[in-house]
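Taking it in order: structure first as structure tokens, then the write-up.
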Amino acid sequence: MIQEFKFPDIGEGIHEGKLLKWHMKVGDTIQAGDIIAEVETDKVNAELPSPYFGKVIALLAEESGTIYVGQVLIKVDTGEVGKSQDQTVEPVAEENAGVVGALEASSEVIPASAEGRKQETAIPQKRKVLATPVARKMAYDLGVDLSNIIGSGPGGRVMKADIAAAAEKTTAGDSEASKPEQKNETKLEAASKDRDQIERVPLSMIRKTIARKMVQSKHTAPHATAMDEVDVTELVKFRETAKGHFDEDIHLTFMPFIMKAIVLALKKNPKINSALDDETEEILLKKYYHLGIAVDTEEGLTVPVVRNVDQKSIVGLAKELNDLGQRARNRKLTIDELKESTFSITNYGAVGSIFGVPVINYPEVAIMGIGKISKKPVVIEDELVIRHMLPLSMSFDHRVVDGGDAGRFMNDVKKYLSDPYRLLLL
């Protein structure tokens, strides 16, 4: 029996990926659960396990090529193995076998839904299209017109595999049509006198996602920014003293203290820990505190999420930050570790910068930028003294947060950071 393994829907709006490496070749015999390929998505790298055992008879995707959800990647002949073992071969679904959660091997049929995009409401001259919201989103992202697709699902419903096939045909047609023009220079190259010294570097999946998310944030949320400095001299002394009480494997940075201060300030200013529901025109005040921490990696910015920060100690946060940072740089994070943040922090001080204007991690309504701590002359009680000063930059969605809200929040953060004992006792 010939079984087809398709690129599964791993959730979180992921519709495509890049095939990094095959772990087998045509003719190999594989067991259920064997890793067949490694795939890069715009969020994580995933290893795809086989739900079947049998003989590989076809690999239907090229390494370094783009693959789409629902696209057939590999064909396995389970008949030979089944006969040799004198048993009926049944596909084996690996539960939570992938690094990003449970992977579904077969084509799924999702119950019909009336939900869809506003711009996809019925047009008199076009036939009615049966498709789920997930399928419609996939079609929108791939630029596929659903009305031109004959669905293969029940009742003519358009499946994700149908959309992927239509997108592949469109891409192939565009590629074929553009071949004669590929010899010509692009406008950017033509405008450069040194075009012979230009190197083309394709955007990675994560870089494409960063670009899309930044555009979405800036086009959706009207950004405003507040900047200030906080005297953290006492915090610097406290941290230096505290470091001597822990093992060498605990890397105690300032970030756990900053996270604690921000959560205490969020509790006093609940509007900052919210999101705006555009459809219902309501502000969603969140009573949980999941902080996204921007991590600089070779591929681009990744924002793992530390959940329930208000329930964790400084040492616990230090350990978790170290673990998340290492796995973010190695692309070993899971999907669950990249979602549901309520407020984000970006630390450009780690690379020596002082002030910046961070972009909101939409749909959050605010983000805090942390600059480099430096010694500066400060006037205290009419005397000039040298203090450790920490620059803060906060960008906020002006649809939800006003300047007064931002100012009060910043003042609370400053109050907690300037007095580490108050910070730890609350």
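The values are calculated or read from the model by the stated rules, or taken from the named source; none is laboratory data. Being a predicted model, the structure only gives us computed values, none of them experimental. Here the Cβ positions follow ideal geometry from the backbone for every residue, glycine too, while neighbour counts run over all protein chains shown. Side chains are part of the model used for accessible areas, which takes the heavy atoms of the whole protein and leaves out ligands, DNA and RNA. Shrake-Rupley method; radii C 1.70, N 1.55, O 1.52, S 1.80 Å.
What do you reckon, is Ile36 touching a His at 6+ places or on another chain (Cβ under 8 Å) and either on the phi < 0 side of the Ramachandran plot or modelled with pLDDT under 85 (or both)? Quick ask: steps written out before the conclusion?
On the way: touching a His at 6+ places or on another chain (Cβ under 8 Å): yes; either on the phi < 0 side of the Ramachandran plot or modelled with pLDDT under 85 (or both): yes.
Criteria met by Ile36.
What tally of residues in the range 213-247 results from selecting those that are outside any helix (DSSP H, G or I) and not aliphatic (A, V, I, L, M)? Steps first, please.
Let us first name the residues in the range 213-247 that are outside any helix (DSSP H, G or I), namely 221-232, 244-247.
Add one more test, that the residue is not aliphatic (A, V, I, L, M), and what stays is 222-223, 225, 228-229, 231, 244-247.
Of the residues in the range 213-247, 10 are outside any helix (DSSP H, G or I) and not aliphatic (A, V, I, L, M).
Give the residues of the range 255-292 that are at pLDDT 95 or above and part of a loop (DSSP other than H, G, I, E, B), sorted by residue number.
Passing the criteria: Asn269, Asn273, Lys286, Lys287, Tyr288, Tyr289, His290.
Tell me yes or no: at least one residue of the range 247-254 is over 22 Å from the mean Cα position of the chain (by Cα), closer than 30 Å to Ser204 by Cβ and among the polar types (S, T, N, Q).
Here is the first cut: in the range 247-254, the residues over 22 Å from the mean Cα position of the chain (by Cα) are 247-254.
After this cut, where a residue has to be closer than 30 Å to Ser204 by Cβ as well, the list is 251, 253.
Now restrict to residues that are among the polar types (S, T, N, Q): 253.
There is at least one residue in the range 247-254 that is over 22 Å from the mean Cα position of the chain (by Cα), closer than 30 Å to Ser204 by Cβ and among the polar types (S, T, N, Q).
In this structure, is Ile57 open to solvent by less than 30 Å² (accessible area, probe 1.4 Å) and either modelled with pLDDT of 85 or more or small (Gly, Ala, Ser) (or both)? Let's see the steps before the verdict.
On the way: open to solvent by less than 30 Å² (accessible area, probe 1.4 Å): no; either modelled with pLDDT of 85 or more or small (Gly, Ala, Ser) (or both): yes.
No; evaluated as a whole, the condition is false for this residue.
Looking for whichever is at pLDDT 70 or above, within 16 Å of Ala165 (Cα to Cα) and touching a Ser or Thr at 6+ places or on another chain (Cβ under 8 Å) here; the options are Val144, Val76. Which one fits?
Every option except Val144 fails the conditions.
Given (1) at pLDDT below 95; (2) open to solvent by 70 Å² or more (accessible area, probe 1.4 Å); (3) not in a loop (DSSP other than H, G, I, E, B), identify the lone condition not met by His251.
Against the list (1) at pLDDT below 95; (2) open to solvent by 70 Å² or more (accessible area, probe 1.4 Å); (3) not in a loop (DSSP other than H, G, I, E, B), His251 comes up short only on (3).
Being closer than 28 Å to Leu19 by Cβ, open to solvent by less than 80 Å² (accessible area, probe 1.4 Å) and modelled with pLDDT under 65 narrows it down to one of Ser175, Ser204, so name that one. Let's see the steps before the verdict.
On the way: Ser204 fails: modelled with pLDDT under 65.
Result: Ser175 is the single residue among Ser175, Ser204 that is closer than 28 Å to Leu19 by Cβ, open to solvent by less than 80 Å² (accessible area, probe 1.4 Å) and modelled with pLDDT under 65.
Consider Ser374 carefully, then state whether it is out of contact with any Pro (no Cβ under 8 Å at 6 or more places or on another chain), hydroxyl-bearing (Ser, Thr, Tyr) and either in contact (Cβ under 8 Å) with a residue 12 or more places away in the chain or closer than 12 Å to Glu229 by Cα (or both). Lay out the reasoning, then the answer.
Values: out of contact with any Pro (no Cβ under 8 Å at 6 or more places or on another chain): yes; hydroxyl-bearing (Ser, Thr, Tyr): yes; either in contact (Cβ under 8 Å) with a residue 12 or more places away in the chain or closer than 12 Å to Glu229 by Cα (or both): yes.
Here the answer is yes, as Ser374 does meet what is asked.
Scan the range 293-332 for residues that are surrounded by 19 or more Cβ atoms within 10 Å (Cβ to Cβ), in contact with a Ser or Thr (Cβ under 7 Å, 6 or more places away or on another chain) and under 24 Å from Leu203 (Cα atoms) and jot them down.
Matches in the range 293-332: Ala294, Val295, Val303, Ala328.
Pairs, please: C-beta under 9 Å, at least 6 apart or cross-chain, first residue on the phi > 0 side of the Ramachandran plot and in the range 260-288, second crowded, with 17+ Cβ neighbours inside 10 Å?
The qualifying pairs do not exist here.
Any idea which residue in the range 148-172 is modelled with the highest pLDDT, counting only those that are assigned to a helix (DSSP H, G or I) and either aromatic (Phe, Trp, Tyr) or farther than 26 Å from Arg212 by Cα (or both)? Before you say what the answer is, go through the steps one by one.
Restricting attention to the range 148-172, the residues satisfying the condition of being assigned to a helix (DSSP H, G or I) are 148, 154-156, 160-172.
So of that shortlist, the ones also either aromatic (Phe, Trp, Tyr) or farther than 26 Å from Arg212 by Cα (or both) come out as 148, 154-156.
On the way: Asn148: 82, Pro154: 71, Gly155: 69, Gly156: 76.
Looking at the filtered set, the residue picked out is Asn148.
Within the range 365-421, restricting attention to residues that are farther than 22 Å from His219 by Cβ and of a type in the set (Ser, Thr, Tyr), which residue is most open to solvent (accessible area, probe 1.4 Å)?
Among residues in the range 365-421 that are farther than 22 Å from His219 by Cβ and of a type in the set (Ser, Thr, Tyr), the one most open to solvent (accessible area, probe 1.4 Å) is Tyr421.
In the range 265-282, what count of residues is obtained for those that are of a type in the set (Val, Ile, Thr) and surrounded by 15 or more Cβ atoms within 10 Å (Cβ to Cβ)?
Kept after step one, since they are of a type in the set (Val, Ile, Thr), are these residues of the range 265-282: 272, 280.
Now drop any that are not surrounded by 15 or more Cβ atoms within 10 Å (Cβ to Cβ), which leaves 272.
Counting residues in the range 265-282 that are of a type in the set (Val, Ile, Thr) and surrounded by 15 or more Cβ atoms within 10 Å (Cβ to Cβ) gives 1.
Name the single residue that is farthest from Arg136 (Cα to Cα) among those in the range 36-72 being within 18 Å of the chain's Cα centre (by Cα) and in a loop (DSSP other than H, G, I, E, B).
Of everything passing the filter in the range 36-72, Val44 is farthest from Arg136 (Cα to Cα).
Could you give every pair whose Cβ atoms fall below 9 Å, whose first residue belongs to the range 196-216 and is closer than 18 Å to Tyr68 by Cβ, and whose second residue is among the basic types (Lys, Arg) and surrounded by 12 or more Cβ atoms within 10 Å (Cβ to Cβ), counting only separations of at least 6 or pairs across chains?
Between residues of the range 196-216 that are closer than 18 Å to Tyr68 by Cβ and residues that are among the basic types (Lys, Arg) and surrounded by 12 or more Cβ atoms within 10 Å (Cβ to Cβ), the close pairs are Ser204/Lys18; Met205/Lys18; Met205/Lys43; Ile206/Lys43; Ile206/Arg331; Thr209/Lys43.
Let me confirm something: among Lys271, Lys319, which residue is among the charged types (D, E, K, R) and in contact with a Leu (Cβ under 9 Å, 6 or more places away or on another chain)?
When all the criteria are applied, what remains is Lys271.
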